[in-house]
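The structure appears below as C-alpha coordinates.
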Amino acid sequence: MLWAHFLVPPVLAALVVAATFATPALAGILAGAVLAIAAASARSLLTRLSQAEEAKRNLDSQLIQSQKLAAIGELSAGLAHEINNPIAIIAQEAEWATHLVGEAEKASGADFAEVKDSLREVRAQVDRCKNITHKLLDFACKREPVLQEVDVARIIEDMARLVDKEASYKNVILVRSLPQDLPKLRTDAPLLRQVVLNLMTNALHAVDQGGRIEASARADDDMLEIRIKDNGCGIPPENIDKIFNPFFTTKPPGQGTGLGLSMCHTLVTGMKGEISAESKPGQGATFTVRLPRRPDFAPAQGTP
(Lines give C-alpha, C1' and ligand atoms only; values in the text may rest on other atoms or scores of the structure.)
Protein backbone atom coordinates (compact mmCIF):
# COMPACT_ATOMS: atom_id res chain seq x y z
CA MET A 1 0.00 0.00 0.00
CA LEU A 2 1.68 3.14 -1.25
CA TRP A 3 -0.22 5.43 1.16
CA ALA A 4 1.67 3.89 4.09
CA HIS A 5 4.89 5.53 2.86
CA PHE A 6 3.34 8.96 3.52
CA LEU A 7 3.08 8.09 7.22
CA VAL A 8 6.80 7.34 7.53
CA PRO A 9 8.17 10.96 7.60
CA PRO A 10 5.94 12.20 10.47
CA VAL A 11 6.60 9.00 12.42
CA LEU A 12 10.36 9.40 11.97
CA ALA A 13 10.15 13.07 12.94
CA ALA A 14 8.26 12.16 16.11
CA LEU A 15 10.87 9.56 17.01
CA VAL A 16 13.72 12.05 16.46
CA VAL A 17 12.00 14.64 18.69
CA ALA A 18 11.42 12.00 21.35
CA ALA A 19 15.08 10.92 21.18
CA THR A 20 16.16 14.55 21.78
CA PHE A 21 14.48 14.61 25.20
CA ALA A 22 15.13 10.99 26.15
CA THR A 23 17.87 9.46 28.25
CA PRO A 24 21.01 8.35 26.36
CA ALA A 25 19.98 4.68 26.50
CA LEU A 26 16.47 5.37 25.26
CA ALA A 27 17.78 7.79 22.66
CA GLY A 28 19.98 5.01 21.24
CA ILE A 29 16.99 2.70 21.03
CA LEU A 30 14.91 5.37 19.31
CA ALA A 31 17.75 6.15 16.88
CA GLY A 32 17.97 2.46 15.97
CA ALA A 33 14.21 2.36 15.43
CA VAL A 34 14.46 5.43 13.15
CA LEU A 35 17.18 3.77 11.07
CA ALA A 36 15.28 0.47 10.87
CA ILE A 37 12.02 2.13 9.81
CA ALA A 38 13.78 4.32 7.24
CA ALA A 39 15.66 1.33 5.78
CA ALA A 40 12.52 -0.84 5.58
CA SER A 41 10.54 1.98 3.99
CA ALA A 42 13.28 2.61 1.45
CA ARG A 43 13.49 -1.08 0.52
CA SER A 44 9.72 -1.37 0.18
CA LEU A 45 9.53 1.77 -1.94
CA LEU A 46 12.35 0.59 -4.21
CA THR A 47 10.63 -2.76 -4.64
CA ARG A 48 7.37 -1.11 -5.61
CA LEU A 49 9.11 1.23 -8.02
CA SER A 50 10.86 -1.74 -9.60
CA GLN A 51 7.53 -3.58 -9.95
CA ALA A 52 5.90 -0.51 -11.47
CA GLU A 53 8.75 -0.18 -13.97
CA GLU A 54 8.45 -3.86 -14.89
CA ALA A 55 4.69 -3.48 -15.37
CA LYS A 56 5.28 -0.45 -17.59
CA ARG A 57 7.77 -2.41 -19.71
CA ASN A 58 5.25 -5.25 -20.07
CA LEU A 59 2.52 -2.84 -21.15
CA ASP A 60 4.86 -1.21 -23.66
CA SER A 61 5.76 -4.64 -25.02
CA GLN A 62 2.08 -5.62 -25.32
CA LEU A 63 1.29 -2.35 -27.09
CA ILE A 64 4.09 -2.90 -29.59
CA GLN A 65 2.93 -6.49 -30.14
CA SER A 66 -0.66 -5.32 -30.68
CA GLN A 67 0.50 -2.79 -33.24
CA LYS A 68 2.54 -5.45 -35.01
CA LEU A 69 -0.44 -7.81 -35.08
CA ALA A 70 -2.67 -5.05 -36.46
CA ALA A 71 -0.14 -4.37 -39.22
CA ILE A 72 0.18 -8.10 -39.94
CA GLY A 73 -3.61 -8.37 -40.15
CA GLU A 74 -3.84 -5.57 -42.72
CA LEU A 75 -0.92 -6.96 -44.71
CA SER A 76 -2.32 -10.50 -44.59
CA ALA A 77 -5.71 -9.34 -45.86
CA GLY A 78 -4.10 -7.55 -48.80
CA LEU A 79 -1.89 -10.53 -49.64
CA ALA A 80 -4.79 -12.95 -49.36
CA HIS A 81 -6.88 -10.89 -51.79
CA GLU A 82 -3.99 -10.69 -54.27
CA ILE A 83 -3.15 -14.40 -54.00
CA ASN A 84 -6.76 -15.57 -54.34
CA ASN A 85 -6.98 -14.45 -57.98
CA PRO A 86 -4.05 -16.50 -59.36
CA ILE A 87 -5.08 -19.42 -57.14
CA ALA A 88 -8.55 -19.40 -58.71
CA ILE A 89 -7.01 -19.38 -62.20
CA ILE A 90 -4.68 -22.27 -61.32
CA ALA A 91 -7.65 -24.25 -60.01
CA GLN A 92 -9.65 -23.65 -63.22
CA GLU A 93 -6.71 -24.58 -65.44
CA ALA A 94 -6.06 -27.75 -63.42
CA GLU A 95 -9.72 -28.76 -63.83
CA TRP A 96 -9.54 -28.08 -67.58
CA ALA A 97 -6.26 -29.99 -67.91
CA THR A 98 -7.81 -32.94 -66.08
CA HIS A 99 -10.71 -32.91 -68.52
CA LEU A 100 -8.36 -32.79 -71.54
CA VAL A 101 -6.26 -35.66 -70.19
CA GLY A 102 -9.40 -37.72 -69.69
CA GLU A 103 -10.51 -37.06 -73.28
CA ALA A 104 -7.05 -37.91 -74.62
CA GLU A 105 -7.01 -41.11 -72.59
CA LYS A 106 -10.34 -42.19 -74.08
CA ALA A 107 -9.27 -41.36 -77.62
CA SER A 108 -5.84 -42.99 -77.56
CA GLY A 109 -6.33 -45.74 -75.03
CA ALA A 110 -3.07 -44.68 -73.38
CA ASP A 111 -2.60 -44.67 -69.64
CA PHE A 112 -2.26 -41.15 -68.22
CA ALA A 113 -2.48 -42.23 -64.59
CA GLU A 114 0.69 -40.40 -63.57
CA VAL A 115 -0.47 -37.19 -65.24
CA LYS A 116 -3.85 -37.43 -63.53
CA ASP A 117 -2.15 -38.04 -60.18
CA SER A 118 -0.02 -34.93 -60.70
CA LEU A 119 -3.06 -32.83 -61.56
CA ARG A 120 -4.88 -34.22 -58.53
CA GLU A 121 -1.96 -33.14 -56.34
CA VAL A 122 -2.01 -29.67 -57.94
CA ARG A 123 -5.70 -29.32 -57.09
CA ALA A 124 -5.08 -30.53 -53.52
CA GLN A 125 -2.33 -27.95 -52.96
CA VAL A 126 -4.49 -25.22 -54.53
CA ASP A 127 -7.29 -26.11 -52.12
CA ARG A 128 -4.79 -25.89 -49.27
CA CYS A 129 -3.69 -22.42 -50.39
CA LYS A 130 -7.32 -21.32 -50.64
CA ASN A 131 -7.93 -22.58 -47.11
CA ILE A 132 -4.99 -20.57 -45.79
CA THR A 133 -5.99 -17.36 -47.57
CA HIS A 134 -9.59 -17.71 -46.38
CA LYS A 135 -8.36 -18.10 -42.82
CA LEU A 136 -6.22 -15.00 -43.22
CA LEU A 137 -9.20 -13.03 -44.50
CA ASP A 138 -11.44 -14.30 -41.71
CA PHE A 139 -8.79 -13.36 -39.15
CA ALA A 140 -8.17 -9.90 -40.58
CA CYS A 141 -11.78 -8.92 -41.31
CA LYS A 142 -14.06 -7.87 -38.48
CA ARG A 143 -17.83 -7.93 -38.52
CA GLU A 144 -20.51 -7.47 -35.94
CA PRO A 145 -22.23 -10.72 -34.87
CA VAL A 146 -25.75 -11.25 -36.19
CA LEU A 147 -27.74 -12.39 -33.16
CA GLN A 148 -30.36 -15.12 -33.33
CA GLU A 149 -31.70 -17.92 -31.15
CA VAL A 150 -29.24 -20.78 -31.56
CA ASP A 151 -29.60 -24.46 -30.64
CA VAL A 152 -26.08 -25.05 -29.30
CA ALA A 153 -26.56 -28.81 -28.92
CA ARG A 154 -27.49 -29.09 -32.59
CA ILE A 155 -24.49 -27.02 -33.66
CA ILE A 156 -22.14 -29.23 -31.63
CA GLU A 157 -23.74 -32.37 -33.09
CA ASP A 158 -23.55 -31.04 -36.66
CA MET A 159 -19.89 -30.10 -36.31
CA ALA A 160 -19.11 -33.44 -34.66
CA ARG A 161 -20.58 -35.26 -37.66
CA LEU A 162 -18.25 -33.32 -39.95
CA VAL A 163 -15.26 -34.44 -37.86
CA ASP A 164 -16.48 -38.03 -37.36
CA LYS A 165 -15.32 -39.24 -40.78
CA GLU A 166 -11.75 -38.03 -40.34
CA ALA A 167 -11.79 -39.27 -36.75
CA SER A 168 -12.75 -42.77 -37.90
CA TYR A 169 -9.60 -42.93 -40.03
CA LYS A 170 -7.54 -42.49 -36.85
CA ASN A 171 -9.83 -44.75 -34.80
CA VAL A 172 -10.64 -41.74 -32.60
CA ILE A 173 -13.87 -41.66 -30.59
CA LEU A 174 -15.75 -38.35 -30.51
CA VAL A 175 -18.14 -38.42 -27.56
CA ARG A 176 -21.00 -35.95 -27.09
CA SER A 177 -22.16 -35.13 -23.57
CA LEU A 178 -25.07 -32.77 -24.14
CA PRO A 179 -27.95 -32.29 -21.67
CA GLN A 180 -31.46 -32.59 -23.07
CA ASP A 181 -32.54 -29.33 -21.43
CA LEU A 182 -29.66 -27.19 -22.74
CA PRO A 183 -31.21 -23.75 -23.31
CA LYS A 184 -30.94 -21.89 -26.58
CA LEU A 185 -28.36 -19.14 -26.85
CA ARG A 186 -28.73 -15.75 -28.46
CA THR A 187 -25.55 -15.45 -30.53
CA ASP A 188 -24.16 -15.66 -34.08
CA ALA A 189 -24.70 -19.22 -35.37
CA PRO A 190 -22.12 -19.25 -38.23
CA LEU A 191 -19.40 -17.84 -35.96
CA LEU A 192 -20.18 -20.36 -33.23
CA ARG A 193 -20.08 -23.21 -35.79
CA GLN A 194 -16.64 -22.09 -36.90
CA VAL A 195 -15.37 -21.95 -33.31
CA VAL A 196 -16.67 -25.44 -32.45
CA LEU A 197 -15.35 -26.94 -35.69
CA ASN A 198 -11.92 -25.37 -35.22
CA LEU A 199 -11.66 -26.66 -31.65
CA MET A 200 -12.74 -30.17 -32.65
CA THR A 201 -10.29 -30.22 -35.55
CA ASN A 202 -7.53 -28.97 -33.27
CA ALA A 203 -8.32 -31.75 -30.78
CA LEU A 204 -8.32 -34.35 -33.56
CA HIS A 205 -4.85 -33.28 -34.65
CA ALA A 206 -3.62 -33.52 -31.04
CA VAL A 207 -4.68 -37.12 -30.37
CA ASP A 208 -3.02 -40.31 -31.56
CA GLN A 209 -4.56 -43.46 -32.99
CA GLY A 210 -7.33 -44.70 -30.72
CA GLY A 211 -7.67 -41.35 -28.96
CA ARG A 212 -10.75 -39.79 -27.43
CA ILE A 213 -12.42 -36.39 -27.78
CA GLU A 214 -15.35 -35.24 -25.66
CA ALA A 215 -17.64 -32.36 -26.56
CA SER A 216 -19.88 -31.15 -23.74
CA ALA A 217 -21.99 -28.17 -22.82
CA ARG A 218 -23.79 -26.80 -19.79
CA ALA A 219 -25.52 -23.58 -18.80
CA ASP A 220 -26.32 -21.51 -15.74
CA ASP A 221 -28.43 -18.39 -15.36
CA ASP A 222 -25.89 -16.11 -17.04
CA MET A 223 -23.49 -18.13 -19.19
CA LEU A 224 -23.45 -21.11 -21.53
CA GLU A 225 -20.27 -23.15 -21.52
CA ILE A 226 -18.90 -25.40 -24.27
CA ARG A 227 -15.97 -27.73 -23.61
CA ILE A 228 -13.85 -29.66 -26.07
CA LYS A 229 -11.58 -32.11 -24.25
CA ASP A 230 -9.01 -34.53 -25.68
CA ASN A 231 -6.57 -37.07 -24.30
CA GLY A 232 -3.75 -36.13 -26.64
CA CYS A 233 -0.21 -34.98 -26.03
CA GLY A 234 -1.22 -31.86 -24.10
CA ILE A 235 0.30 -28.38 -24.23
CA PRO A 236 3.71 -27.61 -22.69
CA PRO A 237 3.52 -25.04 -19.86
CA GLU A 238 5.75 -22.62 -21.75
CA ASN A 239 3.28 -22.59 -24.68
CA ILE A 240 -0.04 -22.34 -22.83
CA ASP A 241 0.03 -18.52 -22.89
CA LYS A 242 0.94 -18.40 -26.60
CA ILE A 243 -1.55 -20.76 -28.20
CA PHE A 244 -4.05 -18.01 -29.06
CA ASN A 245 -1.37 -15.84 -30.69
CA PRO A 246 -1.67 -15.56 -34.48
CA PHE A 247 0.72 -17.81 -36.44
CA PHE A 248 1.87 -19.66 -33.32
CA THR A 249 1.93 -23.41 -33.96
CA THR A 250 3.84 -26.41 -32.71
CA LYS A 251 3.04 -28.44 -35.82
CA PRO A 252 5.83 -29.29 -38.28
CA PRO A 253 6.38 -26.83 -41.16
CA GLY A 254 3.69 -27.19 -43.80
CA GLN A 255 1.16 -28.81 -41.46
CA GLY A 256 -0.33 -25.80 -39.72
CA THR A 257 -0.80 -22.04 -40.12
CA GLY A 258 -1.24 -21.15 -36.45
CA LEU A 259 -4.49 -19.31 -37.23
CA GLY A 260 -7.14 -21.76 -35.99
CA LEU A 261 -6.99 -21.00 -32.25
CA SER A 262 -6.28 -17.30 -32.73
CA MET A 263 -9.37 -17.13 -34.94
CA CYS A 264 -11.39 -18.86 -32.23
CA HIS A 265 -10.19 -16.27 -29.73
CA THR A 266 -11.12 -13.42 -32.07
CA LEU A 267 -14.58 -14.85 -32.81
CA VAL A 268 -15.42 -15.66 -29.18
CA THR A 269 -14.28 -12.22 -28.04
CA GLY A 270 -16.46 -10.68 -30.78
CA MET A 271 -19.42 -12.57 -29.34
CA LYS A 272 -18.68 -11.03 -25.91
CA GLY A 273 -17.47 -14.35 -24.56
CA GLU A 274 -14.20 -15.79 -23.36
CA ILE A 275 -12.10 -18.82 -24.27
CA SER A 276 -9.49 -20.55 -22.16
CA ALA A 277 -7.30 -23.65 -22.23
CA GLU A 278 -6.17 -26.05 -19.53
CA SER A 279 -3.57 -28.73 -20.06
CA LYS A 280 -0.94 -30.90 -18.51
CA PRO A 281 1.74 -32.39 -20.76
CA GLY A 282 0.84 -35.93 -21.71
CA GLN A 283 -2.66 -35.63 -20.24
CA GLY A 284 -4.53 -33.90 -23.03
CA ALA A 285 -6.09 -30.45 -23.18
CA THR A 286 -9.46 -28.87 -22.46
CA PHE A 287 -10.70 -25.78 -24.29
CA THR A 288 -13.59 -23.94 -22.67
CA VAL A 289 -15.79 -21.36 -24.39
CA ARG A 290 -18.07 -19.27 -22.19
CA LEU A 291 -20.73 -17.14 -23.87
CA PRO A 292 -23.28 -14.82 -22.23
CA ARG A 293 -26.87 -15.96 -22.57
CA ARG A 294 -27.93 -12.32 -22.71
CA PRO A 295 -25.27 -10.38 -24.67
CA ASP A 296 -24.95 -6.73 -23.69
CA PHE A 297 -24.71 -5.33 -27.21
CA ALA A 298 -27.50 -4.50 -29.62
CA PRO A 299 -28.22 -7.10 -32.31
CA ALA A 300 -26.87 -6.40 -35.77
CA GLN A 301 -29.34 -6.35 -38.61
CA GLY A 302 -29.61 -9.67 -40.40
CA THR A 303 -31.80 -12.58 -41.19
CA PRO A 304 -32.15 -15.09 -38.33
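The values are calculated or read from the model by the stated rules, or taken from the named source; none is laboratory data. Values in this document were obtained by computation on a predicted structure and should not be read as measured data. FYI the Cβ positions are ideal-geometry reconstructions off the backbone, even for glycines, and counts take in every protein chain you see. The protein model used for the area step is the full one, side chains on, heavy atoms only, and it has no ligands, DNA or RNA in it. Shrake-Rupley method; radii C 1.70, N 1.55, O 1.52, S 1.80 Å.
Yes or no, residue by residue, for (1) open to solvent by 50 Å² or more (accessible area, probe 1.4 Å); (2) at pLDDT below 90; (3) closer than 27 Å to residue 186 by Cβ; (4) within 13 Å of the chain's Cα centre (by Cα):
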position	(1), (2), (3), (4)
214	yes, no, yes, no
217	no, no, yes, no
221	yes, yes, yes, no
224	no, no, yes, no
230	no, no, no, no
238	yes, yes, no, no
242	yes, yes, no, yes
247	yes, yes, no, yes
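Just one of the numbered conditions (1) open to solvent by 50 Å² or more (accessible area, probe 1.4 Å); (2) at pLDDT 90 or above; (3) not small (Gly, Ala, Ser) is not true of residue 152: (1). Residue 127 meets all of the listed conditions (1) over 20 Å from residue 194 (Cα atoms); (2) surrounded by fewer than 16 Cβ atoms within 10 Å (Cβ to Cβ); (3) modelled with pLDDT of 80 or more but one, namely (1). For the stretch 260-287, a residue qualifies if it is assigned to a helix (DSSP H, G or I) and crowded, with 17+ Cβ neighbours inside 10 Å, and the qualifying residues are 260, 261, 262, 263, 264, 265, 266, 267, 268.
Taking the criterion of being within 23 Å of residue 132 (Cα to Cα) and surrounded by 14 or more Cβ atoms within 10 Å (Cβ to Cβ), the residues of the stretch 165-187 that qualify are 166, 167.
Among the residues of the stretch 132-139, not a single one is at pLDDT 85 or above and surrounded by 13 or more Cβ atoms within 10 Å (Cβ to Cβ). For the stretch 250-281, taking the residues that are modelled with pLDDT of 65 or more and of a type in the set (Val, Ile, Thr), the one that is farthest from residue 198 (Cα to Cα) is identified as 269.
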